[in-house]
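Engineer: Below is one structure. I have some questions about it.
The values are calculated or read from the model by the stated rules, or taken from the named source; none is laboratory data. Model, not experiment: these values are computed from the prediction. Counting neighbours? That spans all protein chains shown, and the Cβs are built from the backbone with ideal geometry, glycine included. Ligands, DNA and RNA are excluded from the accessible area calculation, which covers all protein heavy atoms including side chains. Shrake-Rupley method; radii C 1.70, N 1.55, O 1.52, S 1.80 Å.
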Amino acid sequence: MALDVDGIILKNFNYGEHHKIIKVLTRNMGVIGVFVQNANKVNTKKSALVQPLTSARFNLKPSTNANSELYYLYSGEVENHYLNIKLDYETVAYFYFMIELILKGVSSDEYSAYIYRLLKNFLDAADAGYNPYLLSLIFQFKMMPVLGIEPVLDCCANCRSTEQIVTIGIRQGGLVCAKCYDNTQPILIDAPLIPIVRALYRVDIDHLPEVELEDELLQPIEQFLDAYYETYAGLHLRTKKFLKDLT
């Protein structure tokens, strides 16, 4: 039985000379593999349905092989090519980072609808001109609950006090008050930045704020996220190194 599926193409790779397999983030089925026959042939209409960072509606047939998790493409219709994103090398790099985080960090389809909505909204925002650097930071904050690494941002992670908060500690996993602060630990996020971090963590992904934040202000937040992810997520992302070389 054929299935109609909304999805965002994350990556593709060749299968033989003429065919491709694509990884698709779906609204309800998590990330699936789709076999696209003759996608590499000249002038085929299917070529648009294998391009990463494209949203589309797919008509799929499940594999008859019990040992295969692949689906086969009957037909499809592109919803958005996101040409403004694809024409900007730096923006593409930020989204490839988000894609790698999804592919390496998410092992089940429990959060499928949320992650689909998250990436779709961020693609729409970037296509309309939203700062991709800021989007990549918000994306990492919004993925923390999915990965089970949420920081404590309502009170001191150690003593639960809400008074005299001085930083967000990596080792402590959240806010740190003056009494609990270990002055041998470096401060990546000082007190004036904490409201911004909390705002980015709690932002409504369906209504992204129209704000302009200087990259210099965002860089300490990026350093915090890098250290936090390295400590708690254990993910080694090649695209992160590429982004650092890019900037």
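Engineer: Who wins for biggest fluctuation among E222, E90, E69 in a Gaussian network model of the chain, springs between alpha carbons below 10 Å?
Structural biologist: E69
Engineer: Still on this structure, I have one more. Could you please state how large a percent of the accessible area of segment 63-153 is carbon and sulfur, counting protein chains only and using a 1.4 Å probe?
Structural biologist: 47
Engineer: Also: Among 188-199, 3-14, how do they line up from the highest to the lowest mean number of other beta-carbon atoms within 10 Å?
Structural biologist: The most tightly packed comes first, giving 3-14, 188-199.
Engineer: Can you give the angle from 0 to 90° between the axis of helix 112-127 and the longest principal axis of the chain, with both taken from C-alpha atoms, to the nearest 10?
Structural biologist: 90
Engineer: If you take every DSSP beta bridge fully contained in segment 3-81, what fraction is antiparallel? Give it as a percent rounded to 5.
Structural biologist: 95
Engineer: How far is the Cα center of segment 93-137 from the Cα center of segment 200-223, in Å?
Structural biologist: 14
Engineer: With a ≥ b ≥ c the root eigenvalues of the C-alpha gyration tensor of segment 58-118, is it rounded (a/c under 1.5), prolate (a/b larger than b/c) or oblate?
Structural biologist: Cα axes put segment 58-118 in the oblate bin.
Engineer: Continuing with this model, one more query. In the chain, what percentage of the DSSP-assigned beta bridges are antiparallel, given to the nearest 5?
Structural biologist: Within the chain, antiparallel bridges account for around 90 percent of the total.
Engineer: Sorted from largest to smallest, which semi-axis lengths in Å does the alpha carbon gyration tensor of the chain give for its equivalent ellipsoid, taking the root of 5 times each eigenvalue?
Structural biologist: Gyration-tensor ellipsoid for the chain: 39, 19, 15 Å.
Engineer: Ok, one more. With a 1.4 Å probe and all protein chains left in place, how much accessible area per residue does segment 64-160 have, in Å²?
Structural biologist: 48
Engineer: Distance check, please: which entries in K11/K142; K86/K244; K45/K244; K46/K142; K179/K244; K41/K142 exceed 30 angstrom between their Cα atoms?
Structural biologist: Listed pairs above 30 Å: K45/K244; K46/K142; K179/K244; K41/K142.
Engineer: Moving to a separate point now. Between A48 and Y74, what's the calculated FRET efficiency when r is the beta-carbon distance and R0 is 22 Å? Round to 0.05.
Structural biologist: So, using R0 = 22 Å, E works out to roughly 0.90.
Engineer: Based on the Cβ-Cβ distance from D226 to E150, what FRET efficiency comes out when R0 is 22 Å, to the nearest 0.05?
Structural biologist: 0.80
Engineer: Roughly how big is the chain's charge dipole about its Cα centre, with Cβ charges of +1 (Lys, Arg) and -1 (Asp, Glu), in debye to the nearest 20?
Structural biologist: Rounded to the nearest 20 debye, it is 960 debye.
Engineer: If you don't mind, there's one more thing I want to ask. Give, rounded to the nearest 20 debye, the magnitude of the charge dipole that segment 3-81 has about its Cα centre when Lys and Arg contribute +1 at Cβ and Asp and Glu contribute -1 at Cβ.
Structural biologist: Here the size comes out at about 140 debye.
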